[in-house]
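The values are calculated or read from the model by the stated rules, or taken from the named source; none is laboratory data. The model shown is predicted, which means the values in this text are computed figures rather than measured ones. Cβ placement follows ideal geometry from the backbone for every residue including glycine, while neighbour counts extend to all protein chains displayed.
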Amino acid sequence: MTFHLFHINEIYSNADGAVQFIELVGDSDHQGFWTGHSLTSSDGTNTNTYSFTTDLPNQATNGKAVLVATQGFADLGIVTPDYIIPNGFLFTTNGTVNFPGLQGGPVSYAALSTVGSLVVGSGSTVNTPTPTNFAGITGSLFGNVISGTDGPDNLSGTAGSDGIQAGAANDTINGGTGDDTINGGAGIDTAVFSSALENYSVSGTTTTSSDLSFTVSGIDGNDTLFEMERLRFTDKNLALDLKDGQAANSSIRIIGAAFGPATIEEHPDYVGVGLNLFDSGQSMLNVSQLAVDVMGNLPNDDFVDTVYQNVVGTAPSVTDHDFFTGWLEDGVYTQAQLLEIAANTEINAISTGLEGYLLSGIAFV
């Protein structure tokens, strides 16, 4: 059983070392036992070491690529790495990469280009890196990769196709022209575009409630967005944080239940108020109370009839009216608590059209 009949095919790093990858390719089968072995990167003075704790998925390794990459690379969503190394693992100058028994020996380089990847076999740099993982999935890395910090950043792309990876905090990102891939990371992040919304198409793609990306196509190019909460156009804003528990989702639910589904699009200013409140840390109950106040602190009878009509789409039966009014009259719930319950129901999600907004965004001012 061996593990080492591999050669390094491609090495890449962006300027700050946040986005890096090493692609190794197998020269024989039955080379998948990697547990306990280490990959090293050195600049002659300092050495970074990554120890493998798992083997490859199988022993059919001949001609198979293994992708070892940083989390910054993984966050771009191009290709899933087989192993994650720390950001900055590779030295960008005077570097040497080694793996036990590496075919051809350690790979040394004077400098890594930050606009392309080093193809080790030819000793040349290609302008479009093509990382490939063990499953055979490959992709193209962008001509320019830009990384943010864990603080609030204002990031700008180039006229070409960029990969922009923001960090934590609330970031503002302008990809510029070109076909960009932008990951907002944690926080409330805003992508900025150069023209009015009518000059773009916005569409979401989802496979699960937690896996959602957006494509924005228009005069700035075709951009793919991950972990992006807001879009800013010259005439309108769109909120994309519409998954359960997120600010736009909660805002739409309360507006629909308190004022009716039509109000969501008729009053983008209401959506904006909701976003500001939730962004500032207000709870669903606190915002529900503010909505009750705006409704005019209706008598319990009128409150139940109004919310029921907004959520269900019909007036309540006498039995339903008396049941919910009884909760209020007996002090089981306050109006704000009952509004929160109604807002969070599945029927309210349907009546407000949340599923459609999830893939298109909702306008706000």
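Given the options Val97, Val120, Val145, name the one that is at pLDDT 85 or above, touching a strand residue (DSSP E or B) at 6+ places or on another chain (Cβ under 9 Å) and surrounded by 20 or more Cβ atoms within 10 Å (Cβ to Cβ).
Answer to the check: Val97.
Could you tell me which numbered condition Ser28 fails, if it satisfies all but one of (1) out of contact with any strand residue (DSSP E or B) (no Cβ under 8 Å at 6 or more places or on another chain); (2) under 22 Å from Phe73 (Cα atoms)?
Result: Ser28 fails condition (2) only.
For (1) of a type outside the set (Phe, Trp, Tyr); (2) over 12 Å from Gly101 (Cβ atoms); (3) not in a strand (DSSP E or B), each residue gets a yes or a no:
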| site | (1), (2), (3) |
| --- | --- |
| His7 | yes, no, no |
| Ile11 | yes, yes, no |
| Ala15 | yes, yes, yes |
| Val25 | yes, yes, no |
| Ser28 | yes, no, yes |
| Trp34 | no, no, yes |
| Thr40 | yes, yes, no |
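Taking the criterion of being acidic (Asp, Glu), at pLDDT 90 or above, crowded, with 18+ Cβ neighbours inside 10 Å and not assigned by TED's automatic domain parsing to the domain that holds Ala15, would at least one residue in segment 166-181 satisfy it?
Among the residues of segment 166-181, at least one is acidic (Asp, Glu), at pLDDT 90 or above, crowded, with 18+ Cβ neighbours inside 10 Å and not assigned by TED's automatic domain parsing to the domain that holds Ala15, which makes the answer yes.
Within segment 285-329, track down each residue that is of a type in the set (Ser, Thr, Tyr) and under 23 Å from Ser250 (Cα atoms).
Residues satisfying the conditions are Ser288, Thr306, Tyr308, Thr314.
Please specify each residue of segment 129-160 satisfying the condition of being part of a loop (DSSP other than H, G, I, E, B), within 24 Å of Asn9 (Cα to Cα) and touching an Asp or Glu at 6+ places or on another chain (Cβ under 6 Å).
Answer for segment 129-160, where residues must be part of a loop (DSSP other than H, G, I, E, B), within 24 Å of Asn9 (Cα to Cα) and touching an Asp or Glu at 6+ places or on another chain (Cβ under 6 Å): Pro131, Asn133, Phe134, Phe142.
Ala291 - would you say it is in contact with a helix residue (DSSP H, G or I) (Cβ under 6 Å, 6 or more places away or on another chain), small (Gly, Ala, Ser), under 30 Å from Arg230 (Cα atoms) and free of Cβ contacts under 8 Å to residues at least 60 places away in the same chain?
yes
Could you figure out which of (1) touching a Gly at 6+ places or on another chain (Cβ under 6 Å); (2) buried (at least 20 other Cβ atoms within 10 Å of the Cβ); (3) within 19 Å of Ala363 (Cβ to Cβ) isn't true of Asp189?
Only one criterion in (1) touching a Gly at 6+ places or on another chain (Cβ under 6 Å); (2) buried (at least 20 other Cβ atoms within 10 Å of the Cβ); (3) within 19 Å of Ala363 (Cβ to Cβ) is unmet by Asp189, namely (1).
Being in a helix (DSSP H, G or I), without any contact (Cβ under 8 Å) to a residue 40 or more places away in the chain and within 19 Å of Gly353 (Cβ to Cβ) is the filter here; which residues of segment 261-273 pass it?
Scanning segment 261-273 gives Ala262, Thr263, Glu266, Tyr270.
Conditions: (1) surrounded by 16 or more Cβ atoms within 10 Å (Cβ to Cβ); (2) more than 14 Å from Ala257 (Cα to Cα). Asn344 meets all but one. Number of the miss?
(2)
From the list Ala15, Ala74, which one is free of Cβ contacts under 8 Å to residues at least 40 places away in the same chain, small (Gly, Ala, Ser) and closer than 30 Å to Glu227 by Cβ?
Just a single option satisfies the conditions, and that option is Ala74.
Within segment 45-92, work out how many residues are hydroxyl-bearing (Ser, Thr, Tyr), buried (at least 16 other Cβ atoms within 10 Å of the Cβ) and in contact with a Gly (Cβ under 8 Å, 6 or more places away or on another chain).
So the count comes out to 3.
Among Ser251, Ser213, Ser217, which is in the same structural domain as Ser360 (by TED's automatic domain parsing), at negative phi and of a type in the set (Ser, Thr, Tyr)?
One residue alone meets the criteria, Ser251.
List the pairs whose first member sits in segment 18-39 and is in the same structural domain as Ala74 (by TED's automatic domain parsing) and of a type in the set (D, E, K, R), whose second member is surrounded by 15 or more Cβ atoms within 10 Å (Cβ to Cβ) and assigned to a strand (DSSP E or B), and whose Cβ atoms are under 7 Å apart, counting only residues at least 6 apart or on separate chains?
Glu23/Asn9; Glu23/Glu10; Glu23/Ala65; Glu23/Leu67; Glu23/Thr132; Asp27/Phe6; Asp27/His7
Does Gly256 count as in contact (Cβ under 8 Å) with a residue 60 or more places away in the chain, under 15 Å from Thr190 (Cβ atoms) and either assigned by TED's automatic domain parsing to the domain that holds Leu358 or part of a helix (DSSP H, G or I) (or both)?
Spelling it out, it is not the case that Gly256 is in contact (Cβ under 8 Å) with a residue 60 or more places away in the chain, under 15 Å from Thr190 (Cβ atoms) and either assigned by TED's automatic domain parsing to the domain that holds Leu358 or part of a helix (DSSP H, G or I) (or both).
Give the residues of segment 183-222 that are among the acidic types (Asp, Glu), modelled with pLDDT under 95 and not in a strand (DSSP E or B), sorted by residue number.
none
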